[in-house]
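Here's the structure, in structure tokens; my notes come after.
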Amino acid sequence: MSAVQVNIEIVRAFVRLRALLATHRGQRFGKAVERTLVRIAESPFLFPLLYEPDIRSAKVDRFSYRVVYIIVGGDIDVIAVAHAAGRDVK
């Protein structure tokens, strides 16, 4: 991970719970979200800007979900892991 601190404890707890309660698909979803969080930590400005000043969105590979986050100073705060179907997201 880069020097940028990523506040993802709530997201990780959700992913662990989902993986424990769900099928194999739930476990794959949890791993895909974790990979997305690592990519965000490594290159936070790589992903498209949704709203000013710095709210961005990264697609979760193989799922119709996006990780929505904001960059504040040197920190990254995850706002949501949201289903992207029917939404106008990049």
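See the values below:
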| read-out | value |
| --- | --- |
| The range 48-69, residues that are in a loop (DSSP other than H, G, I, E, B) and either out of contact with any Phe, Trp or Tyr (no Cβ under 8 Å at 6 or more places or on another chain) or surrounded by 17 or more Cβ atoms within 10 Å (Cβ to Cβ) (or both) | Pro48, Glu52, Pro53, Asp54, Val60, Asp61, Arg62, Ser64 |
| Selection within the range 33-47 - surrounded by fewer than 20 Cβ atoms within 10 Å (Cβ to Cβ) and more than 16 Å from Val72 (Cα to Cα) | Glu34, Arg35, Val38, Arg39 |
| Test: residue in the range 25-32 that is under 19 Å from Arg12 (Cβ atoms), at pLDDT 90 or above and surrounded by 14 or more Cβ atoms within 10 Å (Cβ to Cβ) | yes |
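The values are calculated or read from the model by the stated rules, or taken from the named source; none is laboratory data. From a predicted model like this one, the values you see are computed outputs, not experimental measurements. We place every Cβ from the backbone using ideal geometry, glycine too, and count neighbours over all the protein chains shown.
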